[in-house]
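Since the structure comes first, as structure tokens, the remarks are kept for the end.
The values are calculated or read from the model by the stated rules, or taken from the named source; none is laboratory data. Source: prediction; values computed, not measured. Glycine also receives a Cβ, built like all others from the backbone with ideal geometry; neighbour counts cover every protein chain displayed. Surface accessibility is based on the protein's heavy atoms, side chains included, excluding ligands, DNA and RNA. Shrake-Rupley method; radii C 1.70, N 1.55, O 1.52, S 1.80 Å.
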Amino acid sequence: MGARAQYVVVENGAWQRYYSHWAASRVADDLLPGPDAATRCFRANREIDEWLDDVWCEGAALVDHDRRILLWFAFADDWADHIAARAVLARTWPGWDVRFAHDGMGDLTHHLGLGRDLTRVPGWFETFEPSGFAGTEDTEPWSVVSLRLPDGSVRAWGSYWEPVEHLAAGPRLVDLLVASPATPALIDMPYGGVHFDPQARTVSLWAVQTVAGIHNWPLPGWEDWALDFRGDDHTRQAGLLPADSCFLRPPLTAALRRFSDRLGTPPPDHSELLARAGAVPGPEGTTPRVSPAALVPHEPGDPTPAELAAARTAIDALLAEAGGG
């Protein structure tokens, strides 16, 4: 099974869809060299006339040149990879509104005025009745769940559920949390977190991955609760956690270097050689012609040397700011 990706390019009032069977894990990398490079890359794929759904689409991007908006999602290896990608994109897409599409395909179709449920069947958000809490003894849990107790104090637990699964379990999960044993302190950042405040009837959630359905609030079972969706900003929950459950944010240097390494070696710039070759006089009565394609060792959809250099400069600047240059 491939890692399927879907791309949408909007330009001059029209939009087209493209498909790759393998490139979902490369969505962030393909975006880093900027809007022109990303557009060429996506248009080099097969154009299709259908939508993938949230199950089959593991990465996607919508590049709207008319409104200068980028929507994208892809699964990151860890918290640092996601935050590093966001930091680079903020510099290589200047003047663009760059957004992570937390609602997955719903965000893309909504942007085009097609609604959020175009690719979703009725009742697609599946709830379940929890028989227990998915606490984990792992020091690197998928999520962190916190709960404000009646006395105003806050407890927290590591969980192997994804953030949205805690919502699928419904409010009964709150009662199960109270009786749950403590879990080990964290040694790394999770992919997301959920905080429950039963007195305020509020759920707060953040994630560095998709949370499909998050904009369809209230989700089933949460009709009398308010949602405080924080995107990928963990700081609100961090400020609530007890000292023995605090987040340990890793530096971004390793993630930035991985992105830099994956940019590859820029292809050589043969413009000067082409200019000299074109200036050489041909036999009498002929005009010299040089095919640029003969000297370009990369595909037309690849980033140019200038685009790769700009992306590398942005990464180097972030490394220097992080003290890892």
* Can you find even one residue in region 90-99 that is of a type in the set (Asp, Glu), open to solvent by less than 10 Å² (accessible area, probe 1.4 Å) and not in a loop (DSSP other than H, G, I, E, B)? -> no
* Search result, residues across region 9-30 that are over 17 Å from residue 114 (Cβ atoms) and either open to solvent by 50 Å² or more (accessible area, probe 1.4 Å) or without any contact (Cβ under 8 Å) to a residue 12 or more places away in the chain (or both) -> 11, 12, 21, 22, 25, 26
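Filtering region 182-194 down to residues that are open to solvent by less than 20 Å² (accessible area, probe 1.4 Å) and under 22 Å from the mean Cα position of the chain (by Cα), which residue is farthest from residue 135 (Cα to Cα)? Write out each step before concluding.
As a first pass, look at region 182-194 and keep what is open to solvent by less than 20 Å² (accessible area, probe 1.4 Å): 186, 189-190, 192-194.
Now restrict to residues that are under 22 Å from the mean Cα position of the chain (by Cα): 189-190, 192-194.
On the way: 189: 16, 190: 13, 192: 14, 193: 13, 194: 13 Å.
Per the stated criteria, the residue is 189.
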* Asked: Within region 77-100, is there a residue that is among the hydrophobic types (A, V, I, L, M, F, W, C), in contact with a strand residue (DSSP E or B) (Cβ under 6 Å, 6 or more places away or on another chain) and more than 19 Å from residue 311 (Cβ to Cβ)?
  -> no
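State whether the residues of region 72-85 include one that is open to solvent by less than 70 Å² (accessible area, probe 1.4 Å) and modelled with pLDDT under 95.
No, the conditions are met nowhere in region 72-85.
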* Asked: Would a scan of region 92-103 turn up a residue that is touching a residue at least 60 places away in the same chain (Cβ under 8 Å), closer than 30 Å to residue 234 by Cβ, in contact with a Lys or Arg (Cβ under 8 Å, 6 or more places away or on another chain) and among the hydrophobic types (A, V, I, L, M, F, W, C)?
  -> yes
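Examine region 229-240 for a residue that is farther than 25 Å from residue 185 by Cα, among the polar types (S, T, N, Q) and at pLDDT 95 or above, and state whether such a residue exists. Reasoning before the result, please.
Narrowing region 229-240 to residues farther than 25 Å from residue 185 by Cα: none.
No, every residue in region 229-240 fails to be farther than 25 Å from residue 185 by Cα, among the polar types (S, T, N, Q) and at pLDDT 95 or above.
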* To do: Give me the pairs, please: first residue somewhere in region 234-252 and farther than 15 Å from residue 148 by Cα, second residue anywhere and of a type in the set (Phe, Trp, Tyr), beta-carbon distance under 6 Å, and either six or more positions apart or on two chains.
  => 234/206
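I'd like the residue in region 195-210 that is part of a loop (DSSP other than H, G, I, E, B) and over 22 Å from the mean Cα position of the chain (by Cα) and, out of all such residues, is surrounded by the most Cβ atoms within 10 Å (Cβ to Cβ). Before you say what the answer is, go through the steps one by one.
Filtering region 195-210 down to residues part of a loop (DSSP other than H, G, I, E, B) leaves 198-201, 208-210.
From the residues that got through so far, the ones that are over 22 Å from the mean Cα position of the chain (by Cα) too are 198-201.
On the way: 198: 17, 199: 9, 200: 12, 201: 12.
Among them, the one singled out is 198.
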* Asked: Hey, any hits in region 44-56 for a residue that's outside any loop (DSSP other than H, G, I, E, B), open to solvent by less than 10 Å² (accessible area, probe 1.4 Å) and either at pLDDT 95 or above or within 21 Å of residue 11 (Cβ to Cβ) (or both)?
  -> no
* Asked: Conditions: (1) farther than 18 Å from residue 32 by Cα; (2) open to solvent by 10 Å² or more (accessible area, probe 1.4 Å). Residue 108 meets all but one. Number of the miss?
  -> (2)
* Asked: Do any residues in region 149-166 that are part of a strand (DSSP E or B) have Cβ atoms under 8 Å from those of residues that are aromatic (Phe, Trp, Tyr), where the two are at least six apart or on different chains, and which pairs are they?
  -> 157/133; 159/133; 159/142
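Of everything in region 216-257, what is small (Gly, Ala, Ser) and surrounded by fewer than 13 Cβ atoms within 10 Å (Cβ to Cβ)? Give them in sequence order. Talk me through it step by step, then tell me what you get.
Applying the first criterion (small (Gly, Ala, Ser)) to region 216-257 yields 221, 226, 231, 238-239, 243, 245, 254-255.
239, 243, listed by residue number.
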* **Number of the condition not met by residue 170 [criteria: (1) at pLDDT below 95; (2) part of a loop (DSSP other than H, G, I, E, B)]** => (1)
